[in-house]
Amino acid sequence: MPTLDWLNRSSAFTTAARVPYRLLEQVSVHTPTVQVDLGPVQAELATVRPEPIEGRTPITDNLLIQGDNLEALKALLPFYRGQVKCIFIDPPYNTKSAFEHYDDNLEHAQWLSMMLPRLQLLRELLREDGSIWVTIDDNEGHYLKVLMDEVFGRGNFVASAIWQKRYSRENREAIGDVHDYIHVYALNPGRFKLQRNLVPLTEEQAKVYRNPNNDPNGRWRPVPMTAQEGHATAEQFYEVVTPSGKKFRPPEGRCWGIAQATYQRLLGEGRIYFGKKGDAQPNIIRYLSEVPGIAPWTWWPSDEVGHTDEAKKEIHALFGKVDAFASPKPERLIDRIFHIATNPGDLILDSFLGSGTTAAVAHKMGRRWIGIEMGEHAATHCLPRLQKVIDGEQGGISKAVSWTGGGGFRFMRLGEAVFDNTGRIHSAMRFATLAAFVWQQETGTAFDLTAGKPGTPYLGTHSIFDGCLRIEDEGSGPISPMRVPQFACYLLFNGILGDKRPASGNVLTQAVLDALLILHASTPAPAALLLVYGEACRLGAERLKQANVTFKHIPYDVRAR
């Protein structure tokens, strides 16, 4: 596959791997009209995540993170790898402009080197059925398309939607710029097509539905009853007699689109239309109320999803004209993306949060969200805007989605590196955080605290997919996936075993091993290998082999990158 080449390309491909993991420090928790200042406390992201209630999102699932987005994305990996349903980013367009709140004036190669490692980390955070949506214009749009082909796979490209960002003519350029692109990729385009939501009809699209006969079921339209002959059955070839007595059979090469029994039922229900005079070829009556929506397409006009002028007015209403953000997106545009790509309770991520529109819309739509913004306006713009959202502000899409306020979020900042230059673990590290790093290192997946036993060293049992198994012996039953346990992971850290000596149970001794074996017997796969992380081991190789234990040393066997 053809690829882009630029200065420092090879270095850019290893940037993400070289970025150190950092701690996330919780600064404050925000709820409606109340702010609880907790000070810089190490974030325990690997927490039990309650399900959303009545479309509202739990406070602990919504994160506003201030810091470099490359480092923040790396910090999220142990906790959210493969967990994000939809990523939306509005990166700098590299238009050679300098805005107050961010620099949009990078040399082309620098811009590509900036985008590549971020896209790589974003890919790792996406769910298997997830999608990523990236807005861009002509300055870098086509280069970005080729770069995303390389990162996400050319076969995973879904579409490039064209958003009409202006409704009035642009006369300052030789050819007026009236649109932006939205590049869309899915890790599994087939699943995305099956799971994506339809978009509602506009009144212009629905104008073909009328009600000339005052049908109590409302507006309707006639839909032709014929179909291509193709794989038709005998039940699709029959004679139809109209109310006027005129008879019809399917035209040459065609068949009726429904079987005769279905036709008779619809006829009895008054769902067949024979024209004004009752002598026309039959049509099926389809009511507007029965139309769930239409498939999205790549043309997004401003009257449907908003425009830049609308977006600026939304920002002015929130912050005033003096302190307004330079290039916001309208809430209706983000609403359209999340409507197509997600459902209530899904997790959304924006690593170029800007003025906070993505998080605001996600919150109003009952989605969980993570927003990352580097500059001070994470605190001066995003935070107060999101506080207004949970307080029930009525701008943007609020009235359309019946938003009245609620929920909350946590404000986080990037802290110290998890590991120092010698590989030692930062003193602020807590058990659940190190557990997430260990689990990700061994399994390549995000850590789920509920998979283990809280208050014990047991983190969970890792299994891999190994074929399928039929439920019934005869081979006619449903197929279920077969997963084979690989190992159970245990972490001896921060005195998790309490008073078991030495070192409060952080050292693998015979007494600690006895306790682990008792615990292991109660896990879902007691025959699985025990993978034990600890600060030291006082047992010999033969004893470990006899107990089916592999020991790894903290910090030396915990990879810093």
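The values are calculated or read from the model by the stated rules, or taken from the named source; none is laboratory data. Only a predicted model underlies this, so the values are computations on that prediction, with no experimental measurement involved. Ideal geometry is used to build each Cβ from the backbone, glycine not excepted, and the neighbour counts take in all protein chains shown.
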Legend entry - Among (1) part of a strand (DSSP E or B); (2) touching a helix residue (DSSP H, G or I) at 6+ places or on another chain (Cβ under 9 Å); (3) crowded, with 17+ Cβ neighbours inside 10 Å, the one test that GLU128 misses: (3)
Legend entry - Check on LYS388, assigned to a loop (DSSP other than H, G, I, E, B) and of a type in the set (D, E, K, R): no
Legend entry - Tally of residues being among the hydroxyl-bearing types (Ser, Thr, Tyr) and in contact with a strand residue (DSSP E or B) (Cβ under 7 Å, 6 or more places away or on another chain) across region 215-237: 1
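Residue by residue, here is whether (1) out of contact with any Lys or Arg (no Cβ under 8 Å at 6 or more places or on another chain); (2) aliphatic (A, V, I, L, M) holds:
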residue: ARG127; (1), (2): no, no
residue: ILE132; (1), (2): no, yes
residue: GLY155; (1), (2): yes, no
residue: ALA159; (1), (2): yes, yes
residue: TYR167; (1), (2): yes, no
Legend entry - Matching residues in region 424-447 - criterion: being of a type in the set (S, T, N, Q) and over 27 Å from the mean Cα position of the chain (by Cα): SER427
Inset, instruction - Inspect all residues belonging to region 298-311 and state whether any of them is over 30 Å from ASN62 (Cβ atoms), crowded, with 18+ Cβ neighbours inside 10 Å and more than 23 Å from the chain's Cα centre (by Cα). - result: no
Inset, instruction - Kindly list the number of the only condition in (1) acidic (Asp, Glu); (2) more than 17 Å from PHE319 (Cα to Cα); (3) touching a residue at least 40 places away in the same chain (Cβ under 8 Å) that fails for GLU393. - result: (2)
Inset, instruction - Give region 402-420 a look and list any residue that's of a type outside the set (Gly, Ala, Ser), surrounded by 16 or more Cβ atoms within 10 Å (Cβ to Cβ) and touching a residue at least 60 places away in the same chain (Cβ under 8 Å), or say none. - result: PHE409, ARG410, PHE411, MET412, ARG413, LEU414, VAL418, PHE419
Inset, instruction - Kindly check whether there is at least one residue in region 94-112 that is modelled with pLDDT of 95 or more, farther than 17 Å from LEU4 by Cα and not charged (D, E, K, R). - result: no
Inset, instruction - Would you mind finding the one in GLY366, GLY320, GLY306 that is free of Cβ contacts under 8 Å to residues at least 60 places away in the same chain, of a type outside the set (A, V, I, L, M, F, W, C) and either under 18 Å from VAL199 (Cα atoms) or not assigned by TED's automatic domain parsing to the domain that holds LEU70 (or both)? - result: GLY306
Inset, instruction - Enumerate the strands (runs of 3 or more DSSP E) found wholly within region 160-278, keeping only those where 3 or more residues are touching a helix residue (DSSP H, G or I) at 6+ places or on another chain (Cβ under 6 Å) and either surrounded by 12 or more Cβ atoms within 10 Å (Cβ to Cβ) or at negative phi (or both). - result: 179-186
